[in-house]
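The values are calculated or read from the model by the stated rules, or taken from the named source; none is laboratory data. Remember, it's a predicted structure, so these values are computed and weren't measured experimentally. Please note: Cβ atoms are built from the backbone with ideal geometry, for glycine as well, and neighbour counts cover all protein chains shown.
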Protein chains: 2
Amino acid sequence: MGVRDLGLPERLTPDPGLPDRVTIWEVGPRDGLQNESATVPVEVKLEFLDRLASAGLTTLETTSFVHPKWVPQLADAEDLLATLTRRDGVRYPVLVPNARGLDRAVDAGVTDIAVFASATESFARKNLNSTFDDQFAMFDPVVTRARDEGMAVRGYLSMCFGDPWEGAVAPDQVVAAGKRLLDAGCWQLSLGDTIGVATPGQVDRLVDAFAAEGVDVGALAVHFHDTYGQALSNTLAALRRGITTVDSSAGGLGGCPYAESATGNLATEDLVWMLDGLGIAHGADLDALVDTSVWMAGRLGKPSPSRVVAALSG
Amino acid sequence: MGVRDLGLPERLTPDPGLPDRVTIWEVGPRDGLQNESATVPVEVKLEFLDRLASAGLTTLETTSFVHPKWVPQLADAEDLLATLTRRDGVRYPVLVPNARGLDRAVDAGVTDIAVFASATESFARKNLNSTFDDQFAMFDPVVTRARDEGMAVRGYLSMCFGDPWEGAVAPDQVVAAGKRLLDAGCWQLSLGDTIGVATPGQVDRLVDAFAAEGVDVGALAVHFHDTYGQALSNTLAALRRGITTVDSSAGGLGGCPYAESATGNLATEDLVWMLDGLGIAHGADLDALVDTSVWMAGRLGKPSPSRVVAALSG
């Protein structure tokens, strides 16, 4: 008998201070695979997406139109999207960095995209070859045109809690950058702890800072990396502040490009364990997710860093 | 430049809903090493204890008087205690299972002991070869005699949230067992999630259940395992409920004897990262702890499962 057969984690009735339901924004196929050193064949990606949808996830960030020179792992984006069987009730957003990426998204028939900006000057320069201010001049017309095309546009903001060249990041600066993305027309803003250094008090402070500037907390999502083991505590803090969309990656796929560790995104399974225990609905099946991550670990030739996957597949 | 040189994690001023100070009850030398497959020489244990004290930890659970047949890793308890140089301001508690263990503790000049009981019938039978009720008949005279000897006695309670044979554990049962240990004369009760299955709502519920039965929350400590990645979220919940003593193990030393995974105790470094970020005082030096865990990983011939150790030593 394993712990799952015994009904663990115990499912409590939801705490009134927490949401009843959370949307898991699964980023494994995109943010996960783009940060793995191995490149996975398109057939494996298609099976991965199919398995994740079968496991009950309803938002699958599918691939990226960043230039293949920068992300060779996702160079097959057009191929993948041409072959993908889309399921009813599942969203398949794609990352788009610029006008050229948007052209590719339009050609591929994509209806859901995400753009990304940096909360810091240093990362804007390193990742976008731009300045903090100029990045918005680049994104604004992309978001406008995407919306004219009828697309839903999500905004990612990187380095919202700490930056590997600047250290701590001031909440005012993050709020200013985030509002630019929302004002440009993004329907949701995902606050990224790109290097995984945040702690729960920072999450409280940042969400409060957005609320104080009139931003609807319902428009915010969180994107934590588990580099320093803090991702799930930070998620708990975010849920207590009213956040209802949480980014995670099946099996914790994806390294952390600007940190010393191989630990990447919050693992979807570790998130689901906590949500199940808290009685928060999310629609995903934990055992199916673990099976999928064990299968993908086999394709990648390395074990999943997810604690839950390790425990249930050991 | 690493993130530590940049002042990360950012230290916030303490949240009024959290304690200003936490006592880290370091269990690596005992709970950690007793669950590692390799047996470490007494000289290495002495250096480990010395390094942990130098890193600022003030409670070091040192060894165990469980019969060496059951815990061969700690068969050198007398040797270790005879050689150990005790520092002012540091406590060196020792685990004692029964009257024979107490004899050994008295002979070794130990002043601080811990006894352990099970919150469930199944684990009492498996771990103690007793019944749930009979275990207290065994402990009561041990605690009484230890106190007559002038010792401080801590009580550990295992399987407080889930049991590998019974599944979820009812809070009433845990409270009843915990009160027996406190009533017997234990000054502190450490609530153990021995198989790491707990989620934060269970922590809230259990602490509330103790408080409802008149137990001072200040007499409670928490002991989480990170088997399913929940240890730090559970700790955050416990801190919000007023708990101020947290058990952890340097480098996350120690497997989980009754779970499928190798991930053991909450890593002291992962805890310290969060406490530092929350502005909660604890007295330990993170970099010295990481150095110690890297050194110990070399002695054990396996990497530390702590996310912080992996990130800062990668």
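Being closer than 28 Å to B:V174 by Cβ, touching a Phe, Trp or Tyr at 6+ places or on another chain (Cβ under 6 Å) and free of Cβ contacts under 8 Å to residues at least 12 places away in the same chain: is that true of B:A137 here? So B:A137 fails the test.
Across the range B:144-164, what is the total count of residues that are assigned to a loop (DSSP other than H, G, I, E, B) and out of contact with any Asp or Glu (no Cβ under 9 Å at 6 or more places or on another chain)? Talk me through it step by step, then tell me what you get.
First, the residues of the range B:144-164 that are assigned to a loop (DSSP other than H, G, I, E, B): B:149-151, B:159-161, B:164.
Keeping just the survivors that are out of contact with any Asp or Glu (no Cβ under 9 Å at 6 or more places or on another chain) gives B:149-150, B:164.
Result for the range B:144-164: 3.
Assess whether A:V174 counts as being touching a helix residue (DSSP H, G or I) at 6+ places or on another chain (Cβ under 9 Å), within 19 Å of A:K126 (Cβ to Cβ) and touching a residue at least 12 places away in the same chain (Cβ under 8 Å). It is true that A:V174 is touching a helix residue (DSSP H, G or I) at 6+ places or on another chain (Cβ under 9 Å), within 19 Å of A:K126 (Cβ to Cβ) and touching a residue at least 12 places away in the same chain (Cβ under 8 Å). Just so you know, in the range A:150-171 the residues that are of a type outside the set (A, V, I, L, M, F, W, C) and in contact with a helix residue (DSSP H, G or I) (Cβ under 6 Å, 6 or more places away or on another chain) include one that is farthest from B:L8 (Cα to Cα), and it is A:G155.
Would you say B:T244 is within 13 Å of chain A (Cβ to nearest Cβ) and either basic (K, R) or touching a residue at least 24 places away in the same chain (Cβ under 8 Å) (or both)? No: the conditions fail for B:T244. Elements of the type helices (runs of 4 or more DSSP H) sitting completely within the range A:218-314 and holding at least 2 residues that are surrounded by fewer than 24 Cβ atoms within 10 Å (Cβ to Cβ) and touching a Ser or Thr at 6+ places or on another chain (Cβ under 7 Å): these cover A:286-300.
Please return the ranges of helices (runs of 4 or more DSSP H) entirely within the range A:38-143 where 3 or more residues are modelled with pLDDT under 95.
Numbers: elements: A:42-54, A:77-83, A:99-107, A:121-128.
The qualifying helices (runs of 4 or more DSSP H) are A:121-128.
Comparison of A:D270, A:D291 shows that the only residue that is within 25 Å of A:T63 (Cβ to Cβ) and over 20 Å from the mean Cα position of the chain (by Cα) is A:D291. In the list B:E10, B:E36, which residue meets the criterion of being out of contact with any strand residue (DSSP E or B) (no Cβ under 9 Å at 6 or more places or on another chain) and charged (D, E, K, R)? Answer to the selection: B:E36.
Across the range A:178-208, what is the number of residues that are of a type in the set (D, E) and surrounded by 24 or more Cβ atoms within 10 Å (Cβ to Cβ)?
Of the residues in the range A:178-208, the ones of a type in the set (D, E) are A:183, A:193, A:204, A:208.
This time we only want the ones that are surrounded by 24 or more Cβ atoms within 10 Å (Cβ to Cβ), so: A:193.
Result for the range A:178-208: 1.
Determine, yes or no, whether A:L33 is outside any loop (DSSP other than H, G, I, E, B) and not charged (D, E, K, R). Steps first, answer last, please.
Details: outside any loop (DSSP other than H, G, I, E, B): yes; not charged (D, E, K, R): yes.
So A:L33 passes the test.
Are any of the residues in the range B:11-27 more than 14 Å from chain A (Cβ to nearest Cβ), without any contact (Cβ under 8 Å) to a residue 40 or more places away in the chain and either closer than 21 Å to B:V153 by Cβ or acidic (D, E) (or both)? Looking for residues that are more than 14 Å from chain A (Cβ to nearest Cβ), without any contact (Cβ under 8 Å) to a residue 40 or more places away in the chain and either closer than 21 Å to B:V153 by Cβ or acidic (D, E) (or both), one finds none in the range B:11-27, hence no. Does B:S190 count as small (G, A, S), assigned to a loop (DSSP other than H, G, I, E, B) and either more than 24 Å from A:V308 (Cα to Cα) or within 22 Å of the chain's Cα centre (by Cα) (or both)? Here the answer is no, as B:S190 does not meet what is asked. Scanning the range A:110-129 for residues that are more than 21 Å from A:D193 (Cβ to Cβ) and of a type in the set (S, T, Y) yields a single hit, A:T111.
For the range A:145-168, indicate whether the set of residues that are touching a strand residue (DSSP E or B) at 6+ places or on another chain (Cβ under 9 Å), more than 21 Å from B:G2 (Cβ to Cβ), of a type in the set (K, R) and surrounded by fewer than 17 Cβ atoms within 10 Å (Cβ to Cβ) is non-empty. Scanning the range A:145-168 turns up at least one residue that is touching a strand residue (DSSP E or B) at 6+ places or on another chain (Cβ under 9 Å), more than 21 Å from B:G2 (Cβ to Cβ), of a type in the set (K, R) and surrounded by fewer than 17 Cβ atoms within 10 Å (Cβ to Cβ).
Conditions first: (1) over 18 Å from A:M274 (Cα atoms); (2) charged (D, E, K, R); (3) over 12 Å from the mean Cα position of the chain (by Cα). B:D247 passes all but one, so which condition is the exception? Answer for B:D247: the failing condition is (3).
Entry remark, the range B:184-216: residues being over 24 Å from A:V272 (Cβ atoms) and among the polar types (S, T, N, Q) number 2 in total.
For the range B:197-204, the condition holds for no residue, the condition being that it is touching a His at 6+ places or on another chain (Cβ under 6 Å), within 12 Å of another protein chain (Cβ to nearest Cβ), of a type in the set (G, A, S) and touching a residue at least 12 places away in the same chain (Cβ under 8 Å).
Taking A:A55, is it closer than 18 Å to A:G252 by Cβ, away from chain B (no Cβ under 14 Å) and surrounded by fewer than 16 Cβ atoms within 10 Å (Cβ to Cβ)? Here the answer is no, as A:A55 does not meet what is asked. Considering the conditions (1) farther than 20 Å from B:L191 by Cβ; (2) surrounded by fewer than 22 Cβ atoms within 10 Å (Cβ to Cβ); (3) in contact with a helix residue (DSSP H, G or I) (Cβ under 6 Å, 6 or more places away or on another chain), B:F136 is excluded by exactly one of them, (1). One residue alone among A:L271, A:L275, A:L289 is within 10 Å of another protein chain (Cβ to nearest Cβ), closer than 20 Å to A:R30 by Cβ and out of contact with any Leu (no Cβ under 6 Å at 6 or more places or on another chain), and that residue is A:L271.
Residues are listed down the side, and each one gets a yes or a no for (1) out of contact with any Ser or Thr (no Cβ under 9 Å at 6 or more places or on another chain); (2) away from every other protein chain (no Cβ under 14 Å):
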| position | (1), (2) |
| --- | --- |
| B:D103 | yes, yes |
| B:V142 | yes, yes |
| B:P164 | no, no |
| B:G185 | no, yes |
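Can you pull out the residues in the range A:53-68 that are of a type in the set (S, T, Y) and either touching a strand residue (DSSP E or B) at 6+ places or on another chain (Cβ under 6 Å) or at positive phi (or both)? Matches in the range A:53-68: A:T59, A:T62, A:T63, A:S64.
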